[in-house]
Amino acid sequence: MNETKEPRMSLPLQGVTVVSLEQAVAAPFATRQLADQGARVIKVERPEVGDFARGYDETVRGLASHFVWLNRSKESVALDLKSEHGREAVLAMVRETDVFVQNLAPGAAERLGLGSDALMELNPRLIHVSISGYGAGGPYSSKKAYDLLVQCEAGLVSITGTPDEPSKVGISIADIASGMYAYTGVLSALLNRQRTGHGEVIEISMLEALAEWMGFPYNYTYYGGSELPRTGARHAAIAPYGPFLCGDGKQVFLGLQNEREWATFCNEILEMPSLVHDPRFARNSLRVEHATELKQEIERGFANSTVDAVAEKLESAGIANALLRDLHALAEHPQLEARGRWRDYESPAGTLRALMPPATFVGAEPVMGAVPEVGQHTDAVLAEFGVLRAAEVAV
């Protein structure tokens, strides 16, 4: 376990306050990243039950795996937003805050009087961020949007999986994509506010965020005239790329990017120089066309070697490669350990371990604060903003 280093500089978002009416993944992912870099994040939750992601599972010592990932370093304020007291409490916080984030059901923020027009009038320097499934306006604006469904609508499922069966991506990638754009949108708006003194209204659609990430398959299909085939862990447009069986029954994953690497691979790894100019494999597009035959030739070359021996040989030759790791192996990854990327943080279930945020500010330690209980900070936060406690507020 790595000891936390004392910070030598302030984090870039210290002094920034965020109020978030958030649930599930997209908005919590955005605001946790803001909290990582020093922002104060006040998470507004429903009394008693809180963010419904708290109940997804109980795998982290009784806590939900999604929730502990997305909600460290935040303060939880429990408010009934259908009550006048709850709405007034949010408005009191918004008057003095920098960023407001919400991913409620379509139209819910406006019905509560917390839409962008109302809040920007109250605080013209506010950065108001809304995350929705499909965006305001258009026939899908009120359509329910769960991650799998957006993956389908964005075309991702159509290109993921095997030729026999499409598959979703194994993580909530539509939520993560929209959360990332919300995070970077807030950073851009904070920078612009320094110049103009004015806030911003930012709208993020899960469909549009994920569709942006579909640029390669879109271009391939729209301009190429054919659908991108589902190829499992292989690549539809690059070969050799993906898993190949070795003599011990295990798979090595590799990727070649150019003809120089192909020649090196044939000469030094397979020791089959004749393949370099074989008419079936003479350029990348031909290797893709003859992918089945290519796989047979490569696996014939690997047949007398273990996966570790093949990987070592690939590495020595400068050919990109990887071994297939499960999540237990990720937790013990030698590179993450060598770089000291793991940190401890607190939760209602005790001390947990997580990776540091990927954006590392040299000389500064990211905030790795505790995961809050529902409403843990309600009294203190409301008192700070001059709001009296009401009976319906859970503490």
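The values are calculated or read from the model by the stated rules, or taken from the named source; none is laboratory data. Please read these numbers as outputs of a predicted model, since none were measured by experiment. Positions of Cβ are backbone-derived with ideal geometry, glycine not excepted, and every protein chain shown enters the neighbour counts. Please note that ligands, DNA and RNA were not included when accessible areas were found on the heavy atoms of the full protein model with its side chains. Shrake-Rupley method; radii C 1.70, N 1.55, O 1.52, S 1.80 Å.
So the values come out like this:
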{"item": "Members of segment 208-259 that are open to solvent by 70 Å² or more (accessible area, probe 1.4 Å), under 25 Å from the mean Cα position of the chain (by Cα) and in contact (Cβ under 8 Å) with a residue 60 or more places away in the chain", "result": "Glu208, Tyr218"}
{"item": "Pairs where the first residue, in segment 132-160, is part of a helix (DSSP H, G or I) and the second is surrounded by fewer than 21 Cβ atoms within 10 Å (Cβ to Cβ) and among the charged types (D, E, K, R), C-beta under 7 Å, 6+ apart", "result": "Leu148/Lys168; Gln151/Lys168; Val157/Lys168; Ile159/Arg230"}
{"item": "Any pair with Cβ under 6 angstrom, 6 or more apart, that starts in segment 171-191 at a residue that is open to solvent by less than 10 Å² (accessible area, probe 1.4 Å) and ends at one that is charged (D, E, K, R)", "result": "Ala174/Asp147; Ala189/Glu200"}
{"item": "Residue match in segment 137-144 (condition: modelled with pLDDT under 95, out of contact with any helix residue (DSSP H, G or I) (no Cβ under 6 Å at 6 or more places or on another chain), crowded, with 17+ Cβ neighbours inside 10 Å and farther than 25 Å from Val19 by Cα)", "result": "no"}
{"item": "Of all residues making up segment 290-306, the number that are surrounded by 14 or more Cβ atoms within 10 Å (Cβ to Cβ) and over 16 Å from Val252 (Cβ atoms)", "result": "2"}
{"item": "Number of the exception - Ser76 against (1) open to solvent by less than 30 Å² (accessible area, probe 1.4 Å); (2) over 30 Å from Arg343 (Cβ atoms); (3) in contact (Cβ under 8 Å) with a residue 60 or more places away in the chain", "result": "(2)"}
{"item": "Selected residue [of a type outside the set (A, V, I, L, M), open to solvent by less than 50 Å² (accessible area, probe 1.4 Å) and assigned to a loop (DSSP other than H, G, I, E, B)] from Gly86, Gly38", "result": "Gly38"}
{"item": "Segment 264-283 - residue that is open to solvent by 20 Å² or more (accessible area, probe 1.4 Å) and under 37 Å from the mean Cα position of the chain (by Cα) and, of those, modelled with the highest pLDDT", "result": "Thr264"}
{"item": "In segment 317-364, residue most open to solvent (accessible area, probe 1.4 Å) [restricted to those that are in contact (Cβ under 8 Å) with a residue 24 or more places away in the chain and within 30 Å of Glu268 (Cα to Cα)]", "result": "Leu324"}
